[in-house]
Amino acid sequence: MNFDPRYSGRNFTSVGTRPIRPDGVDKVTGRARYGADFNMAGQLVGRVLRSPHAHATIRKIDTSKAEKLPGVKAVITAADLPDLTDGDAAMYDILDNCMARTKALYDGHAVAAVAAVDARTARQALKLIVVDYEVLPHVTDVDEAMKHHAPLINDAIFTEGLEEKPVKPSNVTKRSQFGHGDVHQGFGHADFVVERSFKTEQTHQGYIEPHACVASVSSDGTADLWVCTQGHFVYRQHCAQLLGMEASKLRVTSSEIGGGFGGKTHVWAEPVALALSRKAGRPVKLVMTRDEVFRASGPTSATSIDIRIGARKDGTITAAEATLRYSCGPYAGSWAEIGAMTAFACYKLDNVKTVGYEVLVNRPKTAAYRAPSAPMAAFAVESAVDELAKEIGMDPVEFRIRNAAQEGTRSSYGPVYGPIGIGPTLEAARSHPHMKAPLGPNQGRGMACGFWFNFGGQTCTDLNIGMDGSVSLAVGTVDVGGSRASLSLVAAEELGIAYEHVKAIVADTSSLGYNDMTDGSRGTFSSSMATISAARNAIKILRERAAQMWDISVDDVVWEKGHAVARGEKHGNLGKLSLKEIAAASGKTGGPIAGHSELVADGAGVSFATHICDIEVDPETGATRVIRYTVVQDAGKAVHPTYVEGQYQGGAAQGIGWALNEEYIYGKDGRLQNPGFLDYRIPVCSDLPMIDTQILEIPNPNHPYGVRGVGETSIVPPLAAIANAVSNAAGVRMTHIPMSPPRILAAIEAERGG
Amino acid sequence: MAGIAVSATINGDSVEYLCQPDETLLDVLRDRLGLTGAKEGCGTGDCGACSVILDNRLVCSCLVLGAEAEGRRVETVEGMAHGDKLHPLQQKFLEHAALQCGICTPGFLIAAKDLLAKNPDPTEEEIRFGLAGNLCRCTGYDKIVRAVQDAATVMKGA
Ligand code: FES
Ligand code: FES
């Protein structure tokens, strides 16, 4: 039977309730095991030596002294991780990022690693490694890196996507362009035009759990890796490829994960730990320090964006244009391209053009961070949209409603939308009580919209029915924030049994077929689709078994509310058989009952949100306080509404940190000056108010229950919403994120002085 | 190197261990005693994931030496429940979904326990400032604050 993923309306019993998650008790009692909580007998401690230079040629590495230190069992450099990538440029970059080859490309770039009997010996060994660097000129700013005289980070890079092939290498790896219509003509019809430039600084995902793994390579060539990751199947592929192993010989178990937000979708320390273990012949545990997490993992792009939008007096946008420059770290990426796709996705535009430039800088390799690239583009666009509304004299919400994309709109990045939630979130925001809450002195209100694509992807799920009627659900998408609860709800819903009888686990790479990462807000969307499909396959077998028990044709058996029911007059006296009864008899009717599903989840369904916030600005110090915050977002269908709210609130809080405080600060020497939570300050409890949420449910037509991904969109609007609020409170347009007190004060003073 | 012999009371049990002079209490708990409930998020006293109560005082165990626990009482998240009966804070954290990834949860539970011991009826603001030493990157704190408020109500009634 082919699985039909299309939405069909239904009354839900389990889905939409708020039970306690299956992994909850372990997490409140300290029993849950995260990346660093696992140990193996005889394990060594791994540590990584990192470049103190932003850009340097590595002339020579002398490890001989470190090797002789008692207790040191292995020392590795790039020579121990030879290039096996066979022309695969993206994999080569991953390899080079794990262990620098000829050049160190940023402060924190790994150059060597040791495995020793304890942490102290490992630390001592690092000090005994002598690296001969030739320091090169560096560049960390995205605009500086684009200039002609900027230090070249990779002289083999020639800008792709230009009409003429360039003759000189450049730090710009690619130009991309999206849009339709004729912006030149569009601006000709505009009565008002707003044109502005914006900048955003680099931020880190800031997960509280540092990267951690235990690697164990056996002499027979098999290996085990225990690791905190958003995608253990992808880690297996990458590690196996980089180490020249067969993927099937590497078993990867994903631990509980202490936050990822995109930052745990990339291998960093894992290939190093495996290489150390291979060389030492013993298990190796490698845990990053917080300093290493900041210097060598994450972060997001720093950006520089120009926006131009024109509108008629009646409030119709006639043309919109954006140029977006995103830093990628020292390796090619597609970050500006994503920014260019998302920038104007909320609007219905006849004439739109966006151009993205990917820019190399001497900073860590950019990693995905929750709706990667979208928040910065939204900041620039939504700030300009607000300003334009003001110039026209329209309410910013009305102006957006007037121009909002609808079902059938051709999006600025190409596809035509199905049913979407931008209009409804705006209308809900308009009538939200927050809009009428009184504002005090020095307080301003701001709002903004956000868009994210959402991903689907390859997914594999097993659903096993025990003889006692309990159901165990094995999924391959890592649970980053409660998805085991959501997926148990979905299995319970489909089978018609109680939530308590289902237990979902995340299976390792040897127990289940391949699964893509938990990224792109795909975890619950795609695994719930696979769970529904697996449950339907199990129901088919349950019906067959019931038919056998009754000795009637399976065509006369239907599945209703957790029971097989005989259909038709002639079976009127047969009654019902519960799942439990069928399971109990399974030993005599053909053995264990299970349902499997392997699919590519398509049609993840785009997602939109509108945020409203009130900010108070102290005009004397530039300090800010978040007074009220409201998130309105479309979830398609909220499987476990409490966790959906949690995603909305968490994304908003990260956005607030990004907007007001968080930034990578580099010194003139190209070194990161704030690699710790003291100086890279993420929001704490006393910085925030309660975060109000409103969940809209506009069913996704491509999912049986209408589910859309919910994890990422919530970080897209905050930068802009807060910038609009601060601008309204301070009476000056803010164009540089984060809006730290000195920046706000400088803007206020410039306005007063000018 | 010879270790330092330490006797301490951990979650009510007398415990003896050897540790090096540069080992933190967090290292001892996690690596020597197998109590991995306290987490290391930073190692510098900035995240609170390693929070424990040392003789009625909330501390970051990453900033305390293992040797300093000599003769003292240490309470960790592993000691909060009584048998299979969860502490009201643990129960309310579950009911309110005050955890997403859960890595910060042991630290928040210990910090909240300490807060409620000193102030059984805190205002929202007192909770927010009382827990400001603990970082959570997932939740935005909303559900954590509500869970603590709810637990305080339950504990007052008990
Ligand atoms: S690990 Fe102790 S405060 Fe962060
Ligand atoms: S729940 Fe993840 S850090 Fe708090």
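The values are calculated or read from the model by the stated rules, or taken from the named source; none is laboratory data. Model, not experiment: these values are computed from the prediction. Using ideal geometry, Cβ is built from the backbone for each residue, glycine included, and neighbour counts are taken over all protein chains shown. Accessible surface is based on the protein model in full, side chains and every heavy atom, while ligands, DNA and RNA are left aside. Shrake-Rupley method; radii C 1.70, N 1.55, O 1.52, S 1.80 Å.
Might you check whether a residue that is farther than 22 Å from B:Leu25 by Cβ and more than 16 Å from ligand 1 (Cβ to nearest atom) occurs anywhere in the stretch B:65-81? No. Taking the stretch A:435-482 and the strands (runs of 3 or more DSSP E) fully enclosed by it, the elements with 1 or more residues that are among the acidic types (Asp, Glu) and open to solvent by 20 Å² or more (accessible area, probe 1.4 Å) are at A:457-465.
Residue-level check: of (1) open to solvent by 10 Å² or more (accessible area, probe 1.4 Å); (2) free of Cβ contacts under 8 Å to residues at least 40 places away in the same chain; (3) within 16 Å of ligand 2 (Cβ to nearest atom), B:Thr123 misses just (3).
Return yes when A:Glu662 is touching a residue at least 40 places away in the same chain (Cβ under 8 Å), among the charged types (D, E, K, R) and buried (at least 24 other Cβ atoms within 10 Å of the Cβ) and no when it is not. Yes: the conditions hold for A:Glu662.
Number of residues in the stretch B:65-106 that are more than 9 Å from chain A (Cβ to nearest Cβ), part of a helix (DSSP H, G or I) and open to solvent by less than 10 Å² (accessible area, probe 1.4 Å) equals 2. Where strands (runs of 3 or more DSSP E) fall entirely within the stretch A:209-266, those with at least 1 residues that are within 14 Å of chain B (Cβ to nearest Cβ) and over 14 Å from A:Asp479 (Cβ atoms) are at A:212-217, A:223-227. Within the bounds of the stretch B:134-145, is there any residue that is away from ligand 1 (no atom under 15 Å from the Cβ) and more than 9 Å from every other protein chain (Cβ to nearest Cβ)? No, every residue in the stretch B:134-145 fails to be away from ligand 1 (no atom under 15 Å from the Cβ) and more than 9 Å from every other protein chain (Cβ to nearest Cβ). For the residues A:Ala638, A:Ala601, A:Ala623, A:Ala659, the requirement of being closer than 25 Å to B:Gly102 by Cβ and either out of contact with any Cys (no Cβ under 7 Å at 6 or more places or on another chain) or among the hydroxyl-bearing types (Ser, Thr, Tyr) (or both) singles out A:Ala638. Within the stretch B:130-158, restricting attention to residues that are free of Cβ contacts under 8 Å to residues at least 24 places away in the same chain and open to solvent by 60 Å² or more (accessible area, probe 1.4 Å), which residue is farthest from ligand 2 (Cβ to nearest atom)? Result: B:Gly157. Residues in the stretch A:398-407 that are crowded, with 17+ Cβ neighbours inside 10 Å and under 25 Å from A:His703 (Cβ atoms): A:Ala404, A:Ala405. If you go through the stretch B:38-59 and keep only what is on the phi < 0 side of the Ramachandran plot, within 16 Å of ligand 2 (Cβ to nearest atom) and open to solvent by less than 30 Å² (accessible area, probe 1.4 Å), you end up with B:Ala38, B:Lys39, B:Gly41, B:Cys42, B:Cys47, B:Ala49, B:Cys50, B:Ser51. Only one of the listed residues (A:Tyr680, A:Tyr648) is part of a loop (DSSP other than H, G, I, E, B), facing another protein chain (nearest Cβ under 10 Å) and buried (at least 22 other Cβ atoms within 10 Å of the Cβ). That residue is A:Tyr680. Checked against (1) modelled with pLDDT of 95 or more; (2) open to solvent by 10 Å² or more (accessible area, probe 1.4 Å), A:Gly605 passes all but a single condition, namely (1).
Might you let me know whether the stretch A:408-418 holds any residue that is within 12 Å of A:Cys346 (Cα to Cα), crowded, with 22+ Cβ neighbours inside 10 Å and more than 24 Å from the chain's Cα centre (by Cα)? Scanning the stretch A:408-418 turns up no residue that is within 12 Å of A:Cys346 (Cα to Cα), crowded, with 22+ Cβ neighbours inside 10 Å and more than 24 Å from the chain's Cα centre (by Cα). May I ask you to list pairs of residues, at least six apart or on different chains, whose Cβ atoms are under 7 Å apart, with the first in the stretch A:12-35 being more than 10 Å from chain B (Cβ to nearest Cβ) and the second being open to solvent by 60 Å² or more (accessible area, probe 1.4 Å)? Short answer, once both residue conditions are applied: A:Pro22/A:Lys503.
Residue pairs whose Cβ atoms lie under 7 Å apart, sitting 6 or more positions apart in sequence or on different chains, and linking a residue in the stretch A:202-222 that is over 30 Å from A:Arg363 (Cβ atoms) and more than 16 Å from ligand 1 (Cβ to nearest atom) to a partner that is among the charged types (D, E, K, R) and open to solvent by 20 Å² or more (accessible area, probe 1.4 Å), are A:Ser216/A:Asp224; A:Val217/A:Arg278; A:Gly221/A:Lys249; A:Thr222/A:Lys249.
For the stretch A:291-303, a tally of residues being open to solvent by 10 Å² or more (accessible area, probe 1.4 Å) and within 10 Å of another protein chain (Cβ to nearest Cβ) returns 1.
In the stretch A:616-643, the residue that is farthest from the other protein chains (Cβ to nearest Cβ) out of those that are open to solvent by 10 Å² or more (accessible area, probe 1.4 Å) and closer than 20 Å to A:Ile20 by Cβ is A:Pro641.
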